[in-house]
Every structure is written in structure tokens, then in C-alpha cells.
Amino acid sequence: MWFADLALTASVAVFLAVVLAWPLVRLADREGWSASAVRPVLRTGSVTAAALLLGQAVVVDAVADENGLHVADAPTLAWFVAHRTEALTAVAKALALLGGTVAMTVVATVTAVTLWLRGRRPRAVVVAVTAFGGGLLVTGFKHLYARDRPPVIDRLDELTSHSLPSGHALGSTVVLGLLAAVVALHVRRRAARAGVIAAAAVTVVAVGVSRLYLGVHWLTDVLTGWLLGGAWLAVAVTALVLLRGGGRGQPVRSRTSQTTVSPRS
């Protein structure tokens, strides 16, 4: 697929990096980050986002290749169809509801409103913009790729939209990833942070697998959703980290301005 060409995707990644760099740098300056402290944060975020964006391009490009990754799509679908049970179907449908547009919109809205009411308004804006942007990515890329879903006979749900990428995989990655990031950045205990991140990751994987089980997506659809959603999430998490202040929760300007004057004896 021409729109998944690696050179084109690399160009898009560079363009997005330039476009997003200015507001992120401005944000870092506003929160009092020193130049030496902000560089590794921006580097980590940009490299992660670019790598995931290139990863989704590799997957999508493989869909059009005769011997590409898509050769695993049909066998994967057949395996899930052959291993369906009444209990697993109930679980898969519950996960489909959990990772659906309505549920993810509710989670994102509650998270943003909670942050806003607690005075964390810049964080609330990041959550709202990222969640909304995730929805635009799903709609835009579905129309761009215009891939058909698996055969109707194999589906346990009736859908009319295009297949690539999986909206459930992308949306849950973005929203649950955001929720985990917000919680992790406010929790001090390392074990608690690890638990929150692990819970979000397991849920995201389960939601994606449920789409395969229900026969409404190909394997490459779900992989693309995870990778594309992860790239967008990396940008959002970078912004959330910068909103913590100059590396240690207190802006550099505030720390340097608080000079202590020794009392005279």
C-alpha cells in the first residue's frame, strides 16, 4: 500500500515531530524544565512515537505483500472460530463493550472532568484532546485503508465500517493508556504504578483479542490499532510528564527563586 510506504511514513513522522515539538517545548518551559532535563523526555517520547508509527506502517505494508504478515490473518481467524465456546463468547462480547467507543468515551470524560475539578486543568486538556484525536485517527485511517472485514459467516457481530485499524484496539490503547499514565504519575509507590500499568496493558490486549475471537477483525487490524494508538499515546504521555514540572515536581524557576538569606547574628 503506497500510504504505508516506510519512506513516506518516516517523512510523516519527522513532520509530526516538528509540529509537536514546539508546543511540547513551550510546555516544558512553562513548567520550569531545564534544557538538560527536557531533552531526554522529548527524546524518549519522540523516538517511541516514531518507532511505533513505523511499526504500524510495516504491518499495513505487509497486508498488501503477497507473502506478508497478512498470511497469518486467515489461520488466526480460523483458530478462534474453531475454539469458540458459549462462555468465551460471553466474555468476548463483554470485552467488546468495555473497549467500545461509548465505554472509552465515558472513561476519558470522567478522567478529564476529575482532573479539571481537582485543579489539574492542563492535564485534563491533554486527556480530552488525546482521546478526541484517537477517535479521529480511527475514522481517518479506516477510510484511508478501506479494508474489508472478515467474511460475514465468521462474525459474531454485525458491523458495516471498514476493518483496518481496529478501533477497539486503538481506542483502548489510547484511553486506558492515558488513565494508567495519569494514575501512575500521581502514585508514589513503585509497585502500585507497576500494577496500574500492567492492568491497563492486560485489558488492552484482552480487548484486541476479543475482536479476533468475535471474527470482526483480522490479526493485522488489531496489531495496527495497538501500534498506531501507542504512537499517539507516547505523545500524550510525554506531555503529561512535562506537566509534572522541572523533573522533580517543582518548577526550576520556583526552586531557583527561593533563595535563603542567612539571618545576621
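Here, each number is a calculation from the coordinates, and none is a lab measurement. Just so we're clear, the structure is a prediction, and the values are computed from it rather than from any experiment. Because the Cβ atoms are built from the backbone with ideal geometry, glycine has one as well, and the counts that use them run over all protein chains shown.
For a footprinting-style exposure proxy, rank 221, 148 by other Cβ within 10 Å, fewest first. Walk me through the numbers on the way to the answer.
On the way: 221 31, 148 9.
In order of increasing Cβ crowding within 10 Å: 148, 221.
Suppose the chain between residue 114 and residue 82 were pulled fully straight at 0.36 nm per residue; how much longer would it get relative to their current alpha carbon spacing?
7.1 nm
Subtract the Cα-Cα distance of residue 146 and residue 185 from 0.36 nm times their separation in residues, and report this length gain in nm to one decimal.
Numbers: separation 39, 0.36 × 39 = 14.04 nm, distance 3.78 nm.
Gain on stretching residue 146 to residue 185: 10.3 nm.
Only counting other Cβ atoms within 10 Å, I'd like 88, 117, 233 sorted with the fewest neighbours first. Working shown, then result.
Working: 88 13, 117 10, 233 25.
Taking fewest neighbouring Cβ atoms as first place, the list is 117, 88, 233.
Quick check on region 36-121: take the gyration tensor over C-alpha atoms, sort the square-rooted eigenvalues as a ≥ b ≥ c, and tell me if it's rounded (a/c under 1.5), prolate or oblate. Please list the in-between numbers first.
Working: a/c = 3.68, a/b = 1.25, b/c = 2.94.
The shape class here is oblate.
Give the calculated FRET efficiency between residue 136 and residue 106 to the nearest 0.05, with a Förster radius of 22 Å applied to their Cβ-Cβ distance.
Numbers: r = 18 Å, r/R0 = 0.84.
Working from the Cβ atoms, E equals 0.75.
Taking R0 as 41 Å, what FRET efficiency do you get between residue 129 and residue 64 from their Cβ-Cβ distance, rounded to the nearest 0.05?
On the way: r = 32 Å, r/R0 = 0.79.
The formula returns an efficiency of 0.80 here.
What order do you get for 70, 143 when you list them from fewest to most C-beta neighbours inside 10 Å?
Values: 70 19, 143 10.
Starting with the residue having the fewest Cβ neighbours, the order is 143, 70.
To the nearest 0.05, what FRET efficiency results for residue 94 and residue 71 with a Förster distance of 41 Å applied to their C-beta separation? Walk me through the intermediate numbers first.
Numbers: r = 31 Å, r/R0 = 0.75.
The pair residue 94/residue 71 has a calculated efficiency of 0.85.
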